Structures are given as C-alpha cells and as structure tokens.
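Trainee: Following this message is one structure expressed as structure tokens.
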Amino acid sequence: MLTNRRNPQSWRRFFPPGRLLFAALAGFDAVPGVYGWIRHWGAGDGAERGMYADFLIEAAEILNQAGLIEAANLFRASQRAWCELSDAVLPDDVPLFKQTRALLDRRHDLFIHRGGTALDEIGRINRSLVEIRAEAASDFPLNESQVTALFEEMKARLQKIHAIEVQAVTAMQDALV
C-alpha cells in the first residue's frame, strides 16, 4: 500500500503530501504516527520487539528450551530493524523531520523520567510541534519524487522486518516442537 498508486487503500490516496502525510509519519495530538508507534508507544521502542526478546529468553530458561534463544536474538534484530524504519520515516536529512523527531523524543523522555514535574517543558514542546505541523501542512518539506523515495524506503525496511520476523516465528515454533 505504500507504493501502489492505483489501490484506493494506498498511502498515496490516504496521505497526500502535507498535513495528512505529516500526521501519518509524525503523529498529532494523542495519535502517535508511525514514528511514535514504533519508538514511544507501549513498553519499549522497536515496536516492543526487545521486550518480546526478553520474554523469550526468560521462557527459554523456565522451559529449558535453548532454541528459544535463537528466536529471541531474531526478535532483537527485528527491534533494531523497526528502529531503523522509524528513523527512515523522519530522516535527519530533512531539517523539519529531524527537529520533529528530536522534539518527540525529548517529550517522551521527559514524560518517562520526570512525569508531572516536566509539564511546562512538555507544553512548550507540544506548542512547537503544533507550529511544525502547520508548517508541514502549508509547505511540506518533500516534493513528489522525494515522497516516492520515502515510501520506497519504508517498503524496503518493512520487507526486511517481515523477513526477520518470519525467521523468528519459525525459530520459536521449531524450539517448541
């Protein structure tokens, strides 16, 4: 759906460059966007694959199934691949995206480590993100060919994740047979 231009469900149709694509990538209000879902949502970055790897290591000990370690290592590789995808979604070579990513990361770090004592700074970050969203809506930082390249990059990274996770699930199944 990232690169298929004809399908009515495609990203090109749902998220044209501007406000909607920026929201899909970086999020808005309480919706985290692709970057936030991968990096900040839930119990850990990398779409929680690291947490699942930790679980498999514990399960390997409890069940005396050393084969689960291989699956855990693959899920750890998947975690890294998910983080690479999130970085590709808001790449450093696009200043507005780099700034957005830094603000999202800072806000998350403040929330986790300082909680309510950081509300003023979190509020300032939220106001900055509103300004950035407005800028992205009126002057999106990527042209059509760059959006195409971004979607191709996302697709390639998702295919890499899929391949790793197929191996991980197979290793897990093999360990439990």
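Trainee: Can you pull a Stokes-Einstein diffusion coefficient for the stretch 33-98 at 20 °C (1.002 mPa s), Rh from Kirkwood over Cα pairs, as a whole number of µm²/s?
Mentor: Rounded, D is 169 µm²/s.
Trainee: For helix 49-63, what angle does its Cα long axis make with the longest principal axis of the chain, in degrees from 0 to 90 and rounded to 10?
Mentor: The angle comes out near 10 degrees.
Trainee: So, one more: Could you run the Karplus curve 6.51 cos²θ - 1.76 cosθ + 1.60 with θ = phi - 60° over the stretch 140-145 and give me ³J(HN,Hα) per residue in whole Hz, x for Gly and Pro?
Mentor: Those phi angles translate into 4, x, 10, 8, 4, 5 Hz.
Trainee: Between Val31 and Lys98, what is the label-point separation in nm under the 7 Å Cα-to-beta-carbon projection?
Mentor: 2.8 nm
Trainee: Let me ask something else about it. From the C-alpha gyration tensor of the stretch 30-175, pull out the three semi-axes of the equivalent ellipsoid (sqrt of 5λ each), sorted largest to smallest, in whole Å.
Mentor: In descending order, the three semi-axes are 34, 22, 8 Å.
Trainee: How many nm is it between the label spots at Leu176 and Arg19, if each spot is 7 Å from the Cα in line with the beta carbon?
Mentor: Spacing of the two 7 Å Cα→Cβ label points: 4.6 nm.
Trainee: Charges at C-beta only: +1 for Lys and Arg, -1 for Asp and Glu. How large is the resulting dipole of the stretch 30-175 about its Cα centre, in Debye rounded to 20?
Mentor: On the way: 15 positive and 22 negative charges, 57 e Å.
With Lys and Arg at +1 and Asp and Glu at -1, about 280 debye.
Trainee: Taking 35 Å as R0, compute the FRET efficiency from the Cβ-Cβ separation of Ala163 and Asp139 and round it to 0.05.
Mentor: Calculated transfer efficiency: 0.40.
Read-outs: derived from the displayed coordinates by stated rules, not from any lab. Values in this document were obtained by computation on a predicted structure and should not be read as measured data. Virtual Cβ from ideal backbone geometry, glycine too; neighbours counted across all protein chains shown.
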